[in-house]
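I have placed the structure first, in the form of structure tokens, so that the comments after it can refer back to it.
The values are calculated or read from the model by the stated rules, or taken from the named source; none is laboratory data. These numbers come from a predicted model, not from an experiment. Positions of Cβ are generated from backbone atoms using ideal geometry, with glycine treated the same way; all protein chains shown enter the neighbour counts. The accessibility values were calculated without ligands, DNA or RNA, using every heavy atom of the protein model including side chains. Shrake-Rupley method; radii C 1.70, N 1.55, O 1.52, S 1.80 Å.
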Amino acid sequence: MLTVDISKTLKHFKLNASFEASKGITGIIGPSGCGKSVTLQCLSGLLTPDHGKILLNGKPLFQPDQRINLKAKDRKIGYVFQNYALFPHMTVEQNIEFGLKGLLTAEKKQKVSSMIEKVQLSGYEKHYPAQLSGGQQQRVALARTLVTEPDLLLLDEPFSALDHHVKHLLEQELMKILKENYEGIVLLVTHNMEEAYRLCDQIILYDQGQIIQAGRKEEIFEKPKNITSAKIIGCQNIIPVDSITETQCQVQGLTLKLEKQHVTENISHIGIFSENIHFNEDNQSLNAFPFKITDIVKGIHQTNLTVKTADAITLIASVPNEIVDQILKKKMYLVIPPQHLLILEKR
Amino acid sequence: MTESINLFPLFLSFRVALTATLFAFIIGIPIAYYLNRSNGKIADILDTLITLPIVLPPTVLGYYLLVLLGRQSTIGRFLEETFDMTIVFTPTGAVIAAMVVSIPYLIKSARSAFAGIDPSLLNAARVLGRSELNIFLTITIPLAWRGIAAGITLSFARALGDFGATLMVAGSIPNETMTMPIAIYDALLAGNRELANILVIIMTAVAIIILYIINRLEKRMTKGTG
């Protein structure tokens with residue numbers, strides 16, 4: 001169990017991070033420059049927080065009131081850097097051996113070679129990092145860290161340096177290696193939502209140095225609590241509400257039915273993902289409205305339609321390319337399914 | 001004719017330049033490392049002082065050294081009284097003069113070599129459990145050595161070629177403190193064209209070899225190791 005409660009004043013913002021993470025992968029998500037990497041650096045001992053404490057499996061790593069601030073080299077934390085940070089003048093073998101201490105040469109050799117096998121780099125022992133592909137470099141970086149058997153593993157944007165077409169493949173590879181060889185706590189920093197959803201069990205949402213929401217990934221992605229959370233996970237339609245009851249709300253003259261829910265006074269907006277807006281030929285379903293299309297942006301698989309209801313609410317709807325013609329030709333209604341409406345608090 | 005070709009200045013020059021470079025290395029590397037790691041006011045002032053010998057005329061430098069280390073100065077008197085050591089008009093003076101004019105080149109090269117190392121490599125080594133000294137020896141030096149080597153070569157070349165500062169501090173006593181550049185001037189004044197030509201050719205050859213070495217080092221540096 002990792003318990004973090006730290007604050008640090010930085011040039012552009014103040015970092016305030018308080019969270020817990022247990023075994024499994026916890027994703028730290030947020031826009032660039034929101035303090036994600038700084039958090040990892042504080043955990044690993046490369047930066048010192050101004051206040052707070054860090055406990056790892058009951059052991060304090062940073063606890064100023066007891067004058068504890070372990071150096072990076074004594075924290076037993078694995079850190080896989082965004083650019084992998086492989087030592088260019090050392091071979092694959094030497095890189096992986098670098099973090100092993102207090103062992104006999106034979107033991108080291110044995111550990112290194114079994115780790116090389118696990119990450120499928122047999123035959124590359126004598127290669128230098130510059131001779132490897134991006135994916136191979138990533139595996140060396142991971143092996144170099146895993147061989148030290150860290151108590152906590154930090155992955156900083158592990159896929160951002162890779163080409164798009166190999167990303168998926170490497171993601172699966174990395175997950176397989178992690179599952180088979182590591183049982184501790186993993187923190188993964190990313191700004192890619194899809195990646196976060198695929199890889200993580202728990203999610204922590206960051207914005208401008210503050211944690212805005214934390215929890216199970218399903219919870220975060222299906223029920224973001226506030227406007228900022230919704231924006232970060234990619235909700236394009238966020239509209240202020242005029243009034244709201246347990247079953248419906250008023251939005252700029254439009255009445256929207258809601259799934260029955262508890263209403264607090266902090267609720268200020270509703271949101272809906274562009275993929276969740278549907279189009280029907282009849283207006284029998286709940287929340288069906290006539291509309292006009294004001295803009296069309298065609299993508300590879302999906303088309304973004306900017307639609308306007310009679311009451312002048314503008315929404316963005318993503319639909320598969322195949323049905324765009326249908327929507328344009330036939331008289332249709334846009335449908336906002338109540339179960340997909342997000343009820344959002346202001347921050 | 002044989003008595004006119006005296007190669008003492010050649011050997012003296014190499015001895016002086018090698019010793020000066022050795023001391024420049026010992027003093028310069030820690031300074032370069034410090035300058036690369038800190039960017040405070042003290043580092044700025046130090047950096048300016050270190051660069052000064054590149055810009056100042058060598059005779060001005062020599063003058064300062066005379067004032068600082070001469071027999072009338074505090075340091076000069078102290079050295080003479082306790083160690084019976086004089087600096088002015090001795091080969092020691094020549095070494096000090098050569099070191100002062102050449103050390104900036106070494107520090108500049110080493111510093112930019114240190115700065116060229118990706119900081120995440122050093123952080124990775126820290127997280128992997130290595131101490132700062134260990135990281136300096138296993139990561140920093142191996143990755144920066146080409147830049148350091150280029151700096152050493154450059155500063156050796158500058159030390160070998162110094163005229164002004166050496167003349168001011170060490171003088172031009174034949175067979176004692178007369179280095180090559182001074183001997184060339186001396187030979188020319190004395191009308192000994194033959195000696196001047198030989199010394200000039202030797203100096204030119206050395207300069208070409210040095211430039212070639214630096215070029216090779218820099219080319220390999222851009223290609224990267226491995």
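Using +1 at the Cβ of each Lys and Arg and -1 at the Cβ of each Asp and Glu in chain A, identify which of A:234, A:184, A:110 lies farthest towards the dipole's positive end.
The Cα lying farthest towards the positive end belongs to A:110.
Report the convex hull volume per residue for the range A:2-222, counting only C-alpha atoms, in Å³.
With only Cα atoms used, the range A:2-222 gives 128 Å³ per residue.
If the cut-off is a Cα-Cα distance under 18 Å, which lysines reach residue A:331, setting aside same-chain residues fewer than 8 apart in sequence?
The qualifying lysines are A:292, A:308.
Give, in nm to one decimal, the length gained when the segment between residue A:51 and residue A:14 is fully stretched (0.36 nm per residue of separation minus the Cα-Cα distance).
Separation in residues times 0.36 nm, less the Cα-Cα distance, equals 12.1 nm.
How big a patch of accessible area, both sides summed and in Å² to the nearest 100, lies buried between B and A at a 1.4 Å probe?
Heavy-atom accessible area buried at this interface is about 1700 Å².
Check the straight Cα-Cα distances from residue A:8 and name the lysines below 24 Å, setting aside those fewer than 8 residues away within the same chain.
Partners found: A:36, A:53, A:59, A:71, A:73, A:76.
Quick check: Cα centre of the range B:88-158 to Cα centre of the range A:261-281, how many Å?
62
Using a 1.4 Å probe on the protein heavy atoms, what percent of the accessible area of chain B belongs to carbon and sulfur?
Answer for chain B is 67 percent, counting heavy atoms of protein chains only.
For the protein assembly as shown, what proportion of DSSP beta bridges, expressed in % and rounded to the nearest 5, is antiparallel?
Numbers: 58 of 79 bridges.
Rounded to the nearest five, the antiparallel share is 75 percent.
About its Cα centre, what dipole magnitude does the range B:2-225 give when the only charges are +1 on Lys and Arg Cβ and -1 on Asp and Glu Cβ, stated in debye to the nearest 20?
Around 960 debye, computed over the range B:2-225.
Taking each residue of A:248-261 in turn, how many C-beta atoms of other protein chains fall within 10 Å of its C-beta, and what is the average?
0
Answer rounded, prolate or oblate for the range A:227-345, using the Cα gyration tensor with square roots of eigenvalues a ≥ b ≥ c: rounded when a/c is under 1.5, else prolate when a/b is larger than b/c, else oblate.
prolate
Can you show me the helix-derived [θ] at 222 nm for chain A, built from DSSP H runs with n ≥ 4 at -39,500 (n - 2.57) apiece and divided by the number of residues, rounded to the nearest 500.
Working: 9 runs with 85 residues, N = 347.
Taking each H run of at least 4 residues, the total per residue is -7000 deg cm²/dmol.
Restricting things to Cα coordinates, could you compute the convex hull volume per residue of the range A:166-301 in Å³?
Output value, Cα hull per residue: 186 Å³.
So which DSSP H runs in chain B come out at 20 Å plus along the axis (Cα) with average Kyte-Doolittle of at least 0.0?
Span-like helices here: B:8-37, B:41-55, B:91-115, B:141-161, B:193-223.
Mind putting together the pair-distance distribution for the range B:1-121? All Cα pairs, 10 Å bins, whole percent per bin, short to long.
Taking all Cα pairs of the range B:1-121, the binned fractions are 12, 32, 32, 16, 6, 1, 0 percent.
Report the calculated FRET efficiency for residue A:259 and residue A:308 (r = Cβ-Cβ distance, R0 = 25 Å), to the nearest 0.05.
About 0.50, to the nearest 0.05.
Find the accessible area per residue for the protein assembly as shown; the probe is 1.4 Å, ligands and nucleic acids are left out, and the unit is Å².
Per residue, the protein assembly as shown has an accessible area of 51 Å².
Projected onto the charge dipole of the protein assembly as shown (+1 at Lys/Arg Cβ, -1 at Asp/Glu Cβ, origin at the Cα centre), which of A:339, B:62, B:172 gives the Cα projection farthest towards the positive end?
B:172
Rounded to whole Å and sorted largest first, list the principal axis extents of the Cα atoms in the protein assembly as shown.
Its Cα atoms span 118, 56, 50 Å along the three principal axes.
Across peptide A:40-49, what mean number of C-beta atoms from other chains lies inside 10 Å of a residue's C-beta?
2
Let me know the charge dipole size of the protein assembly as shown about its Cα centre in debye, to the nearest 20, where only the beta-carbon of Lys, Arg (+1) and Asp, Glu (-1) is charged.
On the way: 55 positive and 51 negative charges, 56 e Å.
In debye, rounded to 20, the protein assembly as shown gives about 280.
Per the 1.4 Å probe, what fraction of the accessible area of chain A, in percent, lies on carbon and sulfur atoms? Could you put the intermediate results ahead of the total?
On the way: 8230 of 16960 Å².
Solvent-exposed carbon and sulfur of chain A make up 49 percent of the total.
Taking a ≥ b ≥ c as the square roots of the Cα gyration tensor eigenvalues, with a/c under 1.5 meaning rounded and otherwise prolate when a/b beats b/c, else oblate, which class fits chain B?
It comes out oblate by the Cα gyration axes.
Give, rounded to the nearest 20 debye, the magnitude of the charge dipole that the range A:36-142 has about its Cα centre when Lys and Arg contribute +1 at Cβ and Asp and Glu contribute -1 at Cβ.
Dipole of the range A:36-142, to the nearest 20 debye: 220 debye.
Expressed in nm to one decimal, what extension gain is obtained for the pair residue A:180 and residue A:322 from 0.36 nm per residue of sequence separation less their Cα-Cα distance?
Length gained, residue A:180 through residue A:322: 47.0 nm.
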